[in-house]
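**Student:** Sending over a structure as structure tokens; questions will come in a sec.
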Amino acid sequence: MLTQYEDKMQKTLDNLEGEYSSIRAGRANPNILNKIKVEYYGVPTPMQQLANITVPEARTLMIAPWEPSLVKAIEKAILNSDLGLTPNNDGKNVILNFPELTEDRRKELAKEIKKKGENAKVAIRNVRRDANDSFKKQQKAGDISEDEQKDYEDKIQKLTDKYIGLVDKAVDKKSTEIMTV
């Protein structure tokens, strides 16, 4: 009965970690390209399906498209994204150089990380509210007893506390990563 709510909370946490993987911390990480789509024969296609992405140096990403004609389209997609990076190309590959993050940019990213964490906590609390509403309806309908309702509410609260703790850990970990020079 509680598994559906725990699944929703886990998905919220997974989504948060996915968002965090796309926040750059001053070093090259291929995951920041996960959300970028490239026009490929008129269809927006994820970059990973069109190119090999490697990290030749700590602050450099190299994107080697499987079709050389895609170099321009990949550059355009990166420029149109919110990454704030300028791509270079050598005719065959697109190269992204990651500049060192400034102190102001680090603080800005840390605020963004906290905001995403708060949004995740709100989503988890909404799952708890939905669960409690469901338990109350079941109790009124006579499907479960009042004691069972209280028991389920206690269990959903423990789940909520667990996942909020996990969100806090994820926020702290990413904030520390961003603020480390």
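**Student:** Any residue in segment 54-66 that's open to solvent by 80 Å² or more (accessible area, probe 1.4 Å): show its pairings with residues that are not in a strand (DSSP E or B) at Cβ separation under 8 Å, as long as the two are six or more apart or on different chains.
**Tutor:** E57/A28; R59/G26; R59/R27; R59/A28; R59/F98; R59/P99; R59/E100; W66/L50
**Student:** Same structure again: Out of (1) surrounded by 13 or more Cβ atoms within 10 Å (Cβ to Cβ); (2) under 22 Å from D168 (Cα atoms); (3) basic (K, R), the odd one out for K37 is which?
**Tutor:** For K37, the exception is condition (2).
**Student:** Could you check R106 against (1) over 18 Å from V71 (Cα atoms); (2) charged (D, E, K, R); (3) touching a residue at least 12 places away in the same chain (Cβ under 8 Å); (4) open to solvent by 30 Å² or more (accessible area, probe 1.4 Å) and say which number it fails?
**Tutor:** The one condition R106 does not meet is (4).
**Student:** Could you check, for segment 96-103, whether at least one of its residues is modelled with pLDDT of 90 or more, closer than 17 Å to T176 by Cβ and among the charged types (D, E, K, R)? Don't jump to the end; show me each part of the working.
**Tutor:** Taking segment 96-103 as the starting set, the residues that turn out to be modelled with pLDDT of 90 or more are none.
Within segment 96-103, not a single residue is modelled with pLDDT of 90 or more, closer than 17 Å to T176 by Cβ and among the charged types (D, E, K, R).
**Student:** Could you tell me which numbered condition I144 fails, if it satisfies all but one of (1) open to solvent by less than 60 Å² (accessible area, probe 1.4 Å); (2) touching a helix residue (DSSP H, G or I) at 6+ places or on another chain (Cβ under 7 Å); (3) part of a helix (DSSP H, G or I)?
**Tutor:** (3)
**Student:** Let me ask something else. Could you tell me which residue of segment 7-34 is surrounded by the most Cβ atoms within 10 Å (Cβ to Cβ), considering only residues that are of a type in the set (D, E, K, R) and more than 16 Å from K174 (Cα to Cα)?
**Tutor:** Across segment 7-34, the extreme among qualifying residues is K8.
**Student:** Taking the stated definitions as given, is K92 surrounded by 11 or more Cβ atoms within 10 Å (Cβ to Cβ) and of a type in the set (D, E, K, R)?
**Tutor:** Here the answer is no, as K92 does not meet what is asked.
**Student:** On to the next question. Give me the pairs: first residue in segment 156-175 and within 16 Å of G18 (Cβ to Cβ), second residue open to solvent by less than 20 Å² (accessible area, probe 1.4 Å) and of a type in the set (G, A, S), beta-carbon distance under 6 Å, and six or more apart or on different chains, which are they?
**Tutor:** From segment 156-175, the pairs are V167/G117; V167/A120; V171/G117.
**Student:** Does K114 qualify as being touching a Leu at 6+ places or on another chain (Cβ under 9 Å), farther than 18 Å from R59 by Cα and open to solvent by 70 Å² or more (accessible area, probe 1.4 Å)? Give the steps one after another, and end with the answer.
**Tutor:** Numbers: touching a Leu at 6+ places or on another chain (Cβ under 9 Å): no; farther than 18 Å from R59 by Cα: yes; open to solvent by 70 Å² or more (accessible area, probe 1.4 Å): yes.
Spelling it out, it is not the case that K114 is touching a Leu at 6+ places or on another chain (Cβ under 9 Å), farther than 18 Å from R59 by Cα and open to solvent by 70 Å² or more (accessible area, probe 1.4 Å).
**Student:** In segment 113-138, what count of residues is obtained for those that are under 12 Å from L13 (Cβ atoms) and in contact with a Lys or Arg (Cβ under 6 Å, 6 or more places away or on another chain)?
**Tutor:** The total comes to 1.
The values are calculated or read from the model by the stated rules, or taken from the named source; none is laboratory data. Fair warning: this is a prediction, and the values are worked out from it, not measured in the lab. Methodologically, a virtual Cβ is constructed for each residue, glycine included, from the backbone with ideal geometry; neighbour enumeration extends over all protein chains shown. The area values use the complete protein model at the heavy-atom level, side chains included, leaving out ligands, DNA and RNA. Shrake-Rupley method; radii C 1.70, N 1.55, O 1.52, S 1.80 Å.
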